[in-house]
Amino acid sequence: MSQHPQDKILLEKEAKYCSWGDTVHYAKEIKIFNRCEGSFVFDRNNTSYLDLQMWHSVANFGYKNERLNNIVKGQIDVLPQLSCQYLHEEKILLSEKIALNVEKTFGVKGRVHFNIGGAAAIEDAIKIVRNHTKKQSMFAFTGGYHGRTLGATSITSSYRYRENYGHFSDRAYFVPYPYRFRCPSGKSDAECCDLTCFKDFSKLFESEYYSIVNPKTKNCEYGGFFVEPVQATGGYIVPPKGYFKELKKLLERHQVLFVSDEVHMGFYRTGKMWAIEHFDVVPDIIVFGKACTNGLNPLSGVWAKEELINPDVFPAGSTHSTYSSNTIGTAAALGVMDLIEDSDFATSVPEKGRYFVERLKTLQKKYPQIGEVDGLGLAMRIEICQKDGRTPDRELTDRVVNIGLEGQLTAGGGKPKGLLLGVGGYYKNVFTLAPSLYITRQEIDLAVDLIDEALRQGLSLK
Ligand SMILES: Cc1ncc(COP(=O)(O)O)c(C=O)c1O
């Protein structure tokens, strides 16, 4: 469809006045959207695009969720602004809800601290770890992504995020993520994972010569391990069941704190409130953001065990941002917590995820280029490869994304449609699917048909 004249003018202005330092210009096809609803966004021509990434797992509860929108509208009329040095009801009640949720789930008491944006909350978590352990260095995973502030970048593995910004003396020690499809230990039958990569890591704690620990004192140079329970930007990788349990035991022996970065996978993306719940591990710190407000206002935060965050050890002013516990964000997040309590996402999300993955596996039989389909709840991955089903095919992946953005797909009948796909993975060849948690069966069927059509077209353009 031809470009709307108004969009053409806007894009000319964008090219001139907007910084290109964000992620807009990753895509060849640059779109302007002007409306959203449920699982769809719409362009000015009123073409609908089925969104399978939902703002990278921010709008978990659907676009324009009426219940949540009304809460924000109500808050705007009552207490839209308040300096964060004073208190308001929603902040206190939200902290209580999150703290009680964690206590009920993991049996540990703690407190909540707010900020804005995932990276800022990661920074706060780094401070909490440093403050408690008096250690400056952290472990993190290869393929991990924790944000782009300087501190969060230092524990994010990709060098490209650090490349232009000088020396990162606090760069984390990066440990291979248990990525079965591309096993870091080179095992060919990744289905029979025997946790070799964990065993290799734990070996480093055996001798001082491996540079991590003094085995005599058990003192480790590293204070915390920042973990994505399902690796998000890395390609929605679901680790083998026993990995984190073993890791936690090892870390406990050396007083290294386990930080669960739930910014991407928290709030029922995986079918549980916190993705780490799937792995039988009690975290020391949880970092959250994104979906906690359904994207209605920036809010993020950290839950930490009482001994790490009580006012004696983490006193007033330890960390802060002017917007940190803003009234609209906290009201929206409280609304999200209430919505969760009134819903049964623990049942519906795994059910929908199973059906979606089943349908995608059928598609996989048709296309050898789909190397892997996997998922946990509604966090799903499609790894796109060459015909051998292993060699990553970034070009094909990009072509399919661009075809979706053109808005000309015919699957499902009616007006031509578009498809929004998120891409991640070590080779940028993985569709990272994060649909609305309210996605219907009909929409899942449509999604699979649209992927099928876009993939078919992508292959024919080769
Ligand atoms: C796991 C994880 N942590 C932290 C962040 C950073 O969050 P933000 O972009 O809100 O700063 C992200 C963002 O995608 C993420 O996926």
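The values are calculated or read from the model by the stated rules, or taken from the named source; none is laboratory data. In this text, all values refer to a predicted model and were calculated from it rather than measured experimentally. Glycine gets a Cβ as well: all are built from the backbone with ideal geometry, and neighbour counts include every protein chain shown.
See the values below:
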quantity: Hits in the stretch 371-427 (condition: over 13 Å from LEU455 (Cα atoms), charged (D, E, K, R) and in contact (Cβ under 8 Å) with a residue 60 or more places away in the chain); calculated: GLU372, ASP374, ARG381, GLU406, LYS415, LYS417
quantity: Helices (runs of 4 or more DSSP H) wholly inside the stretch 1-118 containing at least 2 residues that are on the phi < 0 side of the Ramachandran plot and buried (at least 17 other Cβ atoms within 10 Å of the Cβ); calculated: 66-78, 89-106
quantity: Close pairs (9 angstrom Cβ cut-off, 6 or more residues apart or separate chains): under 19 Å from TYR222 (Cβ atoms) in the stretch 158-175, among the polar types (S, T, N, Q) and surrounded by fewer than 11 Cβ atoms within 10 Å (Cβ to Cβ) anywhere; calculated: TYR173/SER211
quantity: Residue match in the stretch 437-448 (condition: free of Cβ contacts under 8 Å to residues at least 60 places away in the same chain, of a type outside the set (Asp, Glu) and buried (at least 20 other Cβ atoms within 10 Å of the Cβ)); calculated: no
quantity: Search result, residues across the stretch 275-324 that are farther than 25 Å from VAL227 by Cα and in contact (Cβ under 8 Å) with a residue 24 or more places away in the chain; calculated: LEU296, ASN297, THR322, TYR323
quantity: Any chance LEU93 is in the same structural domain as ILE328 (by TED's automatic domain parsing) and more than 28 Å from the chain's Cα centre (by Cα); calculated: no
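Here is a yes/no grid of residues against (1) away from the ligand (no atom under 15 Å from the Cβ); (2) hydrophobic (A, V, I, L, M, F, W, C); (3) within 22 Å of PHE267 (Cα to Cα); (4) assigned by TED's automatic domain parsing to the domain that holds VAL230:
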position	(1), (2), (3), (4)
GLU103	yes, no, yes, yes
ALA125	no, yes, yes, yes
TYR145	no, no, yes, yes
ARG162	yes, no, no, yes
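Here is a yes/no grid of residues against (1) within 16 Å of the ligand (Cβ to nearest atom); (2) more than 21 Å from GLU383 (Cβ to Cβ):
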{"site": "ASP194", "(1), (2)": "no, yes"}
{"site": "SER202", "(1), (2)": "no, yes"}
{"site": "PHE205", "(1), (2)": "no, yes"}
{"site": "TYR210", "(1), (2)": "no, yes"}
{"site": "GLY224", "(1), (2)": "yes, yes"}
{"site": "MET265", "(1), (2)": "yes, no"}
{"site": "ARG269", "(1), (2)": "yes, no"}
{"site": "TRP274", "(1), (2)": "yes, yes"}
